[in-house]
1. Using only the Cα atoms of the stretch 30-80, what semi-axes does the equivalent ellipsoid have when each is the square root of 5 times a gyration tensor eigenvalue? Give whole Å, largest first.
2. Any idea what angle helix 141-152 forms with the longest principal axis of the chain, computed on alpha-carbon atoms, 0 to 90 degrees, nearest 10?
3. What does the charge count around residue 162 come to, taking other residues whose C-beta lies under 9 Å from its C-beta (Lys +1, Arg +1, Asp -1, Glu -1)?
4. Over 23 Å between Cα atoms: which of 107/156; 78/107; 25/88; 226/264; 4/41 fall into that group?
5. On a C-alpha basis, how far is the centre of the stretch 194-267 from the centre of the stretch 83-139 in Å? Whole number, if you could?
6. Report the per residue volume, in Å³, of the convex hull enclosing the C-alpha atoms of the stretch 5-164.
7. Solvent-accessible area per residue for the chain at a 1.4 Å probe radius, Å²?
8. Largest first, what is the accessible-area ranking of 160, 94 with a 1.4 Å probe?
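The values are calculated or read from the model by the stated rules, or taken from the named source; none is laboratory data. Predicted model, so just to flag it, every value in this text is computed and none were measured. Note that each Cβ is placed from the backbone with ideal geometry, even for glycine, and that neighbours are counted across all protein chains shown. These accessible areas exclude ligands, DNA and RNA; they are computed on the full protein's heavy atoms, side chains included. Shrake-Rupley method; radii C 1.70, N 1.55, O 1.52, S 1.80 Å.
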Amino acid sequence: MNKKIGFIGCGNMARAMISGIVHSKFIEPSTIYASNSSSGKLNQIRDDFCICTTDDNLKIAKECDVVVLSVKPHLYGKVIDQIKDFIKEEAIVVMIAAGQKIEDNEKRFNRKIKLVRAMPNTPALVNEGMTAISVNTLVTDEDKRFIQSMFECFGKIEFVEERLMDAVTGVSGSSPAYTYMFIEALADGAVLHGMPRKQAYTFAAQAVLGAAKMILETGTHPGALKDAVSSPGGTTIEAVASLEKSGFRSAVIEAVIACVEKSKNMN
Ligand code: NAD
């Protein structure tokens, strides 16, 4: 591979990605670089993964073949202004921030630049990430294969049209948070009926993991799977009816809509 990968901004998402890349042995840790504006997280990540760290974003820009912009969305303008004249000619810049459009950031660079827009999620930390990827016209098929392999170090990927990126933020980028809420609520219900809390989280989380696997591994429609476990006059259909009465599906759809709208308006 022989490419150097650099991360500008070394928070939760960069850490999840670096962990996946190092553990999968995709490239040598010595060819991974990370910069951050404060030193605490940098020292921690250097100690944990033996990668190269720096407080100088320009070092990443000058040395790396793939530069991941892993700062918060509102910092993109500032960071791109700082690095745009130092990025290597053939470098691929990967944007992972919610709401950052390829076209707007091409303008920020004000020169021809290979841009990838990706939306990962934090289950990357346990190699179960889901990443959507879009690219601009300068990104070659070979570049795409490299980027695909990089993100596959920590989960599944799909190339999507850029217009779908806000929907991706709603359905996978941010959805671990709402799924944790569901798991917490499931467990609370079990605690209410006497189950110890720790045990309740195990039951709830494993049930959600298993249900997700059933969809991914059998390819069966989620509605058909729901019907298959809802026996006539049984316990499950009682719970399903109760959820419908409380507007469960509508609440989830509204949450995704709110997330998508926020993502659309983040620039
Ligand atoms: P974070 O706050 O944990 O990390 C951002 C890091 O950037 C911080 O460590 C901060 O010190 C550093 N930083 C700030 N200014 C800097 C600068 N000028 N130069 C270098 N470093 C600087 O945020 P995060 O959750 O890791 O999110 C990073 C990006 O990933 C965001 O754009 C977010 O939209 C995207 N993202 C996050 C998730 C998620 O679930 N956390 C999912 C998908 C995409």
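1. Output for the stretch 30-80: semi-axes of 18, 14, 9 Å.
2. With both axes taken from Cα atoms, the answer is about 50 degrees.
3. Once positives and negatives cancel, what remains is +1.
4. Those over the limit are 107/156; 25/88; 226/264.
5. After rounding, the separation between the Cα centres reads 32 Å.
6. So the per-residue Cα hull volume is 98 Å³.
7. 56 Å²
8. Sorted by accessible area, descending: 160, 94.
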